[in-house]
Amino acid sequence: MDPHPVYAPPPVIEPGHTFNTVTEQIAGIVLTRRHPYSWFFGVFVGFMMTMMLLMAVTWLLIKGTGIWGVNIPVGWAFAIINFVWWIGIGHAGTLISAILLLLKQDWRTSINRFAEAMTLFAVVCAGLFPLIHTGRPWLAAYWLLPYPNTMGVWPQFRSPLIWDVFAVSTYLTVSLMFWYVGLLPDLATLRDRAKSLPIRRLFGMLALGWRGAARHWERYEEAYLLLAGLSTPLVLSVHTVVSFDFTIAIVPGWHSTIFPPYFVAGAIYAGFAMVLTLAVPLRVLYHLEDFLTLRHLENMGKVMLVTGLIVAYGYVFEAFFAWYSSNQYEQFMIYNRMFGPYWPFYWTLILCNIVVPQLLWIKGMRTSPAMLFFISMFVNVGMWLERFEIVVTSLHRDFLPSSWGMYWPTRWDLMTFFGTIGLFTMLFFLFIRVLPMISIFEMRTLVPAAKVKGAKAH
């Protein structure tokens, strides 16, 4: 008996699979006529919540932003809170796809496809809020868009709100291209396996004439690697730019140099929590335990633990900076967050983002799908409360006590927020119905036959 056994990590793909079984199981989810009842239930719930969003936005366009709870002194509220929250959720897809690809991490293979899709849908939900927070976009756009030749209006390029437009639109564009390029081999696989002529033609057009030739693979790998390189700095830059919306202001609680790295870590934290929220049910509903193994879940738990500690570091030093600065306004802001009217939200945030994730130090918790789902739901709530605390408690009590006020969302705020969750849910369920949620080609590179010299996984 070996006195010093070598630790062997759990497999990325369970043994016993061949090229054909991998293709059959993943492609079969899309090409089969039957789907689990849970899929119809998810689409129905998402659709009904999306209709609620449509109703809320329609009423907003008719009546204006007066239907929301925003007022002086809290002029920013649910719109910016939800915008930052959704942008944060969208970070995990690009991180998993781009950075882990460049680092040659095989465990990304089973989760990168639906994480990329999650990124796109989260950015769509985030982009809705800047459009509607002006009330009536067709009127606001007239004054916001620059007309230098006729009106002498130029965009304020020193404003981070302008930077947001470029950063988020670039992030969406590159993420969409990265996702689509990665889909090309799988679209060709679906084209070749589809039995219906219209479906074959549809997938054939989307596959852009892919035939699996050596020239196709060479160009594919070059393009995929190039887009991964472009996507990597976006993970750091996008949420850094979003944090500038706050840090360039002189509002106590916002004017902090720790915000850019603190926001980036929080975004990855929230993004991985959402990936786990989706991955744990998916592996059960579609019997994907062989592909979404405990190794994937444990690694995501480790990433959440690390980024959660960085976020906790940010919370501690935010309070420390306020104390060390001897600035009475900064000190009051921290005191108001902890013990002011919104104190239950702050301490719930600490519970969700710091206390509960400490369970991830325990290996049994990191390898328990139920516990990982439980912890990730806490983090989802906690990261939303973090944005609520940053925005609302920094505004509702400003420099002039006579102007202090309280903010409470109206039913239209809540309908808009939960409606975007429904939109995200509906888009995600439609995605897993019409496109492979796991990369078929990349999974085939992990089966034992692919390791044999001369074997072809594609």
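Laboratory data are not the source of any read-out in this text; all were calculated from the coordinates shown. A quick note: this is a predicted structure, and the numbers were derived from the prediction, not measured. All Cβ positions, even for glycine, are placed from backbone atoms using ideal geometry, and neighbour counts span all protein chains on display.
For the stretch 75-132 versus the stretch 212-283, the spacing of their alpha-carbon centroids is 7 Å. Projecting label points 7 angstrom from Cα along Cα→Cβ for Gln105 and Leu197 puts them 4.7 nm apart. Checking (1) 27.2; (2) 41.4; (3) 20.7 against the coordinates, the calculated mean projected area of the Cα convex hull in nm² falls under label (1).
Extension gain for Phe418 to Trp361 (0.36 nm times residue separation, less C-alpha to C-alpha distance): 17.3 nm.
From most to least packed by mean Cβ count within 10 Å, the peptides 289-302, 64-77, 400-413 give 289-302, 64-77, 400-413. Axis angle, to the nearest 10 degrees, between helix 112-132 and the longest C-alpha principal axis of the chain: 30 degrees. Potential lengthening of the chain between Ser169 and Ile258 amounts to 29.6 nm, from the contour at 0.36 nm per residue minus the alpha-carbon distance. Non-local lysine pairs in the chain, meaning eight or more places apart or on different chains, with alpha-carbon distances under 23 Å, amount to 5. Label sites at Val284 and Phe332, each approximated as a point 7 angstrom past Cα along Cα to Cβ, lie 5.0 nm apart. Axis of helix 78-89 versus longest Cα principal axis of the chain: the two differ by about 30°, to the nearest ten degrees.
From most to least packed by mean Cβ count within 10 Å, the peptides 157-167, 379-389 give 379-389, 157-167. In the stretch 19-448, taking the dipole from charged Cβ atoms about the Cα centre, the farthest positive-side position among Ala77, Ala322, Trp404 is held by Ala77.
FRET efficiency for the Leu61 to Ala214 pair, using the beta carbon distance and R₀ = 56 Å, is estimated at 0.55. Label-to-label distance, Ser325 versus Thr18, with points set 7 angstrom from Cα along the beta-carbon direction: 6.6 nm. Calculate, for Trp138 and Ser159, the FRET efficiency according to 1/(1 + (r/R0)^6) with r their C-beta to C-beta distance and R0 25 Å; round to the nearest 0.05. The formula returns an efficiency of 0.70 here. Calculated [222 nm] ellipticity per residue, helices only, for the chain: -22500 deg cm²/dmol; basis is -39500 (n - 2.57) per DSSP H run with n ≥ 4, divided by all residues, nearest 500. Centroid-to-centroid, using Cα positions, the stretch 354-394 and the stretch 307-336 are 20 Å apart.
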